[in-house]
Amino acid sequence: DAIINSWWDFGHWFKYIADRRVTLDGSSQNNPQLHWLGKLLLTSNEREAVGILRMLDCGGNNAFSSINKIKNNTPKSIKLLNKILLIKDKNEAKNALVKEGLSDKESEDVLQYSHCQPPEDFLIVSEDMIGKGGVWAHFGSWNFDKAWAQKTFMQSKTKEEAIGMFATQLNISREEAESYYLELSNLKSEQEINAWIAPWPSYIQGETKCSIDKNIVECPIQNINVFVNLSDMEAYIPTSQGVKRVNSFVYTTPNGLETKTYSEDAIGFSMALAANNDGEYSSIFMQPQLANSTFTKLFYLDGHGTQHFDLFYKSGSNFRIKIWKVNWNGNEKPLLIDTFSK
């Protein structure tokens, strides 16, 4: 009864060869599960990733449908569902639903699809998914408030009507509602609307070996170099306009992962740095949303620092595939890997 989760492209292959169910394949790529798969690959919160996987295995998108039958408001239903997905204990999740106005029976109807005893689950991350990162991260970062606002904007008869509905239904200030209206008024094409609702985060450069001189690691990206001072683990980029920073810097430690964020002089992309026991360093560069993502951790960093993913299979270097068996209860200690991703 195991279920295989991955992006949709090879879903039919997985079903045929493994003789197991999948969440996505070529005939279901337009289903809401597309958002949830993208979200679990994109999230930096391991508890959220496992909560999404459990929900998908328990009932696909039925947990949302059950909540939305009651709320009849997609943004509010999504917010409530995202809230309970972070709660591991079923009774605590039920209390959260009841607190939001659901009856005991209504709460149980939701929880059968979000907090069942899940079957075995295998999550596959593969090399082809790097180039598709912009797509799965786009669907995973879908902003339901903005999507609802865009639909309401198109259906509203007057400016005041739209702004009033934005403020009331999305629980935002009038200033924010007016800002939404102005932004929507300037969108001219389907492409612009799509980009306004959700970005398309992508990987800029895959694994690249870095050089090291004494205490300074130097990692190239296109026509510039990012330096890391190992004494204080500060990442910086010397330029003619002064020192610049990556937006965020993720690096491996003997105990897990650490993240530093830089708000000033940020250059617009993020960096992950991994060290192995031979004293070698490798870097990955990506847009900030992906720096600490589940995909980055499981594909590039071999699950280093995670507690709910056990490596089941790892292919050779020609076409890299990594299959992770989901550990629903979680390991007591995080997974620690002594190599980068070879």
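The values are calculated or read from the model by the stated rules, or taken from the named source; none is laboratory data. Nothing here was measured: the structure is a model prediction, and the numbers come from that model. Don't worry about glycine lacking a Cβ; one is built from the backbone with ideal geometry, like all the others, and counts go over all protein chains shown. Calculation scope for accessible area: heavy atoms of the full protein, side chains included, ligands and nucleic acids excluded. Shrake-Rupley method; radii C 1.70, N 1.55, O 1.52, S 1.80 Å.
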Inset, instruction - Might you let me know whether the stretch 60-75 holds any residue that is closer than 27 Å to ILE87 by Cα, in a helix (DSSP H, G or I) and aromatic (Phe, Trp, Tyr)? - result: yes
Legend entry - Where a residue in the stretch 36-55 is over 17 Å from ASN329 (Cβ atoms) and its partner, wherever it lies, is modelled with pLDDT under 95 and among the basic types (Lys, Arg), with Cβ under 8 Å and at least six apart: none
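For every residue, the table says whether it meets (1) over 19 Å from the mean Cα position of the chain (by Cα); (2) open to solvent by less than 50 Å² (accessible area, probe 1.4 Å); (3) among the small types (Gly, Ala, Ser); (4) on the phi > 0 side of the Ramachandran plot.
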site	(1), (2), (3), (4)
THR253	yes, yes, no, no
GLU264	yes, no, no, no
SER270	no, yes, yes, no
ASP278	yes, no, no, no
THR294	no, yes, no, no
ASP302	no, yes, no, yes
THR306	no, yes, no, no
ILE323	no, yes, no, no
PRO334	yes, yes, no, no
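Among what's in the stretch 83-103 and is β-branched (Val, Ile, Thr) and within 22 Å of the chain's Cα centre (by Cα), pick the residue that is nearest to ILE67 (Cα to Cα).
For the stretch 83-103, the residue satisfying everything is ILE84.
The rows are residues; the columns are (1) open to solvent by 30 Å² or more (accessible area, probe 1.4 Å); (2) at pLDDT 95 or above; (3) not charged (D, E, K, R).
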residue: THR168; (1), (2), (3): yes, no, yes
residue: ILE172; (1), (2), (3): yes, no, yes
residue: ALA195; (1), (2), (3): yes, yes, yes
residue: PRO199; (1), (2), (3): yes, yes, yes
residue: THR208; (1), (2), (3): yes, no, yes
residue: ILE221; (1), (2), (3): no, no, yes
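Looking at PHE319, PHE312, PHE285, which one is assigned to a strand (DSSP E or B), among the hydrophobic types (A, V, I, L, M, F, W, C), surrounded by fewer than 16 Cβ atoms within 10 Å (Cβ to Cβ) and touching a residue at least 60 places away in the same chain (Cβ under 8 Å)?
Being assigned to a strand (DSSP E or B), among the hydrophobic types (A, V, I, L, M, F, W, C), surrounded by fewer than 16 Cβ atoms within 10 Å (Cβ to Cβ) and touching a residue at least 60 places away in the same chain (Cβ under 8 Å) holds for just one of PHE319, PHE312, PHE285, which is PHE312.
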Legend entry - Identity of the residue in the stretch 297-309, assigned to a loop (DSSP other than H, G, I, E, B) and in contact (Cβ under 8 Å) with a residue 40 or more places away in the chain, that ends up farthest from SER282 (Cα to Cα): HIS308
Inset, instruction - Exactly one condition in (1) within 29 Å of LYS71 (Cα to Cα); (2) surrounded by fewer than 17 Cβ atoms within 10 Å (Cβ to Cβ); (3) not basic (Lys, Arg) is not met by PRO118; state its number. - result: (2)
Inset, instruction - Identify, by number, the condition in (1) in contact (Cβ under 8 Å) with a residue 24 or more places away in the chain; (2) closer than 24 Å to LYS325 by Cβ; (3) among the acidic types (Asp, Glu) that ASP89 doesn't meet. - result: (1)
Inset, instruction - Give the residues of the stretch 1-38 that are assigned to a loop (DSSP other than H, G, I, E, B) and open to solvent by 40 Å² or more (accessible area, probe 1.4 Å), sorted by residue number. - result: ASP1, ASP19, ARG20, SER27, GLN29, ASN30, ASN31, PRO32
Inset, instruction - Restricting attention to the stretch 272-329, report how many residues are at pLDDT below 95, of a type in the set (Phe, Trp, Tyr) and under 21 Å from ASP128 (Cα atoms). - result: 2
Legend entry - The one condition in (1) more than 23 Å from LEU170 (Cα to Cα); (2) open to solvent by less than 50 Å² (accessible area, probe 1.4 Å) that ASN95 fails to fulfil: (2)
Inset, instruction - Please give the number of the condition CYS116 fails out of (1) more than 30 Å from GLY303 (Cα to Cα); (2) in contact with an Asp or Glu (Cβ under 9 Å, 6 or more places away or on another chain). - result: (1)
Inset, instruction - Within the stretch 231-256, work out how many residues are among the small types (Gly, Ala, Ser) and outside any strand (DSSP E or B). - result: 2
